[in-house]
Amino acid sequence: MKKSIQRFRIRTVCLVAGLALAGHSAWAVNPFTVRDIRVEGLQRVEPGTIFGSLPFRVGETYNDEKGAAAIRSLFSLGLFKDVRLETNGDVLVVIVEERPTVASIEFSGSKEFDKEVLQKSLREIGLTEGRPFDKALSDRAEQELKRQYINRSLYGAEVVTTVTPIERNRVNVSFSITEGGPAKIREIRIVGAKSFPESTLKGLFEQDTGGWLSWYTKSDRYSRAKLNADLETLRSYYLSRGYLEFQIDSTQVAISPDKQDISIAINITEGPKFLVSAIKLEGNYLDKTDEFKSLVTIRPGEPYNAESVAATTKAFQDYFGNFGYAFARVEARPELDRANNLVTLVLQSDPSRRAYVRRINITGNDRTRDEVIRREFRQLEGAWYDGAKIRLSRDRVDRLGFFTEVGLETGEIAGAPDQVDLSLNVAEKPTGSVQLGAGFSSSDKFSVSFNLKQENAFGSGNYLGVEVNTSKYNRALVFNTVDPYFTADGISRTIDIYHRNTQPYEEQGGNYQLTTTGAGLRFGVPFSESDTVYFGGNFERTSIKVGTNIPAAYLSYADRFGYNSSAIPLTIGWTRDDRDSALAPNNGRYQRLNAEWGVGGDARYVKASYQIQQYIALNKQFTLAFNSDVGWGKGMGGRPFPVFKNFYSGGLGSVRGFEQATLGPRDVTGSFIGGTKKFNLNGELVTPFPGAGNDRTLRMFAFADVGSVFGESEKFATDQLRASVGVGISWVSPLGPLRFAYANPVRKFAGDRIQKLQFQIGTSF
């Protein structure tokens, strides 16, 4: 028995050894010269792709090392599931098995994202139609889709992938998505806050625990990026109030087991509050130390303010730039006296070297001509670098309104330390539009408007526009064109052709009409970088169409001077606008002065108006806004002031709480006919809407209005002014800027028409 077992062991060892030798002979190939290369298993991949990846060619020597390299190279293409090399004499056979390709990608159950957004995210990881597919790619796709949903606070989203093979070694990939509900922030805690109420600090955040407007703002949805921004806001808040050693120790974000609730805990160390004891200027200040000292916005005895320090260092750099020092360095170094909680601010400066501008390069303007941009530059090529002129040049290009982005960079030139190149990069926006819209207001009722405009016609910088308004009470057909550089030195030319039809509001009684048709030519002459004076002339023809309840003043004027009146008014105007925004301003001032003098025709008169708007940002949340609008008119040559040129007041844009255009003199028939003198004063306190975070597109405001109009024979009297107070909402909606106001007249007179709730599209005050 023992001998039998021994003989079996010997035979087994011999068999294993024989298989090992056979296997070794299959892998180990003696080097040989390749006479031919054949490829098997290809379906879609071109043979050239294979041949181009092989580390050898026909006629070259093949060995095991080259074979291993060939297999690695073919696998690295990502096109094959399997690759084998076989030899048939001196013929090398490459056998491949292609990975299936993606025929289509489908999504089901996705409501949070559009299909195109999900496809783009998968395309970035390599999953798209026509590309090879494997299980690893499918797993990455699932993770990418989950990541997209996590960014939207949908932590409970589930993704199931289904791969369906079809003909020609292709697959259809479908993702079944169960989104679930969004995870919402239920609690935010700031641990360690002692100097400020926790509610005040949490009010700085874009993210919150939600309110009744959270469906619109989505502020209660957690986002890591928003949290990081909120933490920086918190840090800036403390640093701007003297807490130089403020630290955020840790941030914990916890999610409930059902992935629906999120709690955020922020642990902070405030540190002591430091006061500024002194400010020192060290370094080279070009013998202009006093001028630089005037730029310092922080004062001894005040809490250290990081924002003021940053503004000061930037002001120093900009001021150095005004003298050609493009590479000036300014360092703010605080020296702490921890024993007394004092800090000495040391401003160290090094102007470096003076430079001049060699070349100005412009990129991104595919449609807009170079000359349209270059003519806005005040910094010239070959001139000394001037920071003020460069900033002004960038702002002027931005104010053209042709670009969504305007970036200006200063680049050094190798081998030329005293030269720089300016690179202006713009991103063009569509400047032509065709709009067809409808609107409804408490004054004009339903109206249809058509607008065709091209702000940058043919890339020339010229404006062309056609406007049609079918409002029941104010109809208009207007054509205008503006050439901003009618002359090389920047004089603009404006041509207007218009036809306007106005009839009284239904509530005011009557159905008479005023029709004005005219044309005008106006030139704008820039007297400074911020001031422009306009002058020109118009020819107008006004017709009074008799209707029911026409005011006696209109009939009297028509009987004396005819129902058709012509006028040739000369106009002059001035504007200055330095607001930070035209739709939702927070800072800046807007001024407008217009004067009109009827020198020819039947109507002889002078008319002037002045408007000023001032915006003051009290803090991040509140903005104080003032508006004043005054007007004056007088008939000339023994003629009365034309009644169709009267000023009106009441309603949105003047004194809210009163019906539109119902303040001031009345005709003997009771109709409101306006006046020759106008005074309006408005004040608003504007803040983001509660629950909307810091969204400036949706704001609420409290206001107070005072104003009225007076007839030609009346004197301005403060005891005749009307006044109102109220609250309102402004919203920059997809339809345009909307304003709703609820006003309560606090000073009114018998017979005044009250309208407490008013709304309109596109008004500023």
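Determine which member of the set GLU206, GLU198, GLU187, GLU179 is in contact (Cβ under 8 Å) with a residue 40 or more places away in the chain, surrounded by fewer than 17 Cβ atoms within 10 Å (Cβ to Cβ) and touching a strand residue (DSSP E or B) at 6+ places or on another chain (Cβ under 9 Å).
GLU187
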Can you pull out every residue in region 397-426 that is closer than 17 Å to ASN456 by Cβ and either at pLDDT 85 or above or more than 24 Å from the chain's Cα centre (by Cα) (or both)? VAL397, VAL406, LEU424, VAL426
Among residues belonging to region 443-465 that are at pLDDT 50 or above and of a type in the set (Phe, Trp, Tyr), point out the one that is farthest from PHE740 (Cα to Cα). PHE458
Going through (1) under 25 Å from ALA355 (Cβ atoms); (2) surrounded by 16 or more Cβ atoms within 10 Å (Cβ to Cβ) one by one, ILE268 fails only at (1)
Matching residues in region 54-87 (assigned to a strand (DSSP E or B) and touching a residue at least 40 places away in the same chain (Cβ under 8 Å)) number 2
Residue pairs qualifying under the 9 Å Cβ cut-off, at least six apart or on distinct chains, with the first in region 285-310 being assigned by TED's automatic domain parsing to the domain that holds VAL330 and under 25 Å from LYS273 (Cα atoms) and the second being surrounded by 15 or more Cβ atoms within 10 Å (Cβ to Cβ) and acidic (Asp, Glu), are LEU295/ASP318
Here the residues within region 520-538 that are in contact (Cβ under 8 Å) with a residue 40 or more places away in the chain and within 12 Å of PRO569 (Cα to Cα) are GLY520, ARG522, GLY536, ASN538
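For residues in region 209-254 being among the aromatic types (Phe, Trp, Tyr) and either part of a helix (DSSP H, G or I) or in the same structural domain as PRO334 (by TED's automatic domain parsing) (or both), which is surrounded by the most Cβ atoms within 10 Å (Cβ to Cβ)?
Selected residue: TYR238.
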Is it the case, given these coordinates, that SER349 is small (Gly, Ala, Ser) and either part of a loop (DSSP other than H, G, I, E, B) or surrounded by 15 or more Cβ atoms within 10 Å (Cβ to Cβ) (or both)? yes
If the Cβ limit is 6 Å and pairs must be 6+ apart or interchain, which residue in region 667-692 that is within 15 Å of GLY633 (Cβ to Cβ) and β-branched (Val, Ile, Thr) pairs with which residue that is surrounded by fewer than 18 Cβ atoms within 10 Å (Cβ to Cβ) and modelled with pLDDT under 90? THR676/GLU712
VAL655 being in a strand (DSSP E or B), at pLDDT 90 or above and β-branched (Val, Ile, Thr): no
Yes/no for GLY382 being closer than 30 Å to SER240 by Cβ and either in the same structural domain as ALA416 (by TED's automatic domain parsing) or of a type in the set (Gly, Ala, Ser) (or both): no
Selection from region 690-741 of residues touching a Ser or Thr at 6+ places or on another chain (Cβ under 8 Å), modelled with pLDDT under 85, among the aliphatic types (A, V, I, L, M) and not in a strand (DSSP E or B) yields ALA692
Of the candidates LEU342, LEU286, LEU336, the one satisfying the condition of being surrounded by 14 or more Cβ atoms within 10 Å (Cβ to Cβ), at positive phi and aliphatic (A, V, I, L, M) is LEU286
Under the condition of being exposed (fewer than 15 other Cβ atoms within 10 Å of the Cβ) and out of contact with any Pro (no Cβ under 9 Å at 6 or more places or on another chain), which residue from region 484-494 is modelled with the highest pLDDT? THR487
Here are ASN564, ASN549, ASN587: which of them is within 30 Å of LEU618 (Cα to Cα) and surrounded by fewer than 16 Cβ atoms within 10 Å (Cβ to Cβ)? ASN587
Which of the residues that make up region 235-255 are more than 26 Å from ASN340 (Cβ to Cβ) and in contact (Cβ under 8 Å) with a residue 40 or more places away in the chain? ILE255
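The values are calculated or read from the model by the stated rules, or taken from the named source; none is laboratory data. What you see is a predicted model; the values in this text were computed from it and never measured. Glycine gets a Cβ as well: all are built from the backbone with ideal geometry, and neighbour counts include every protein chain shown.
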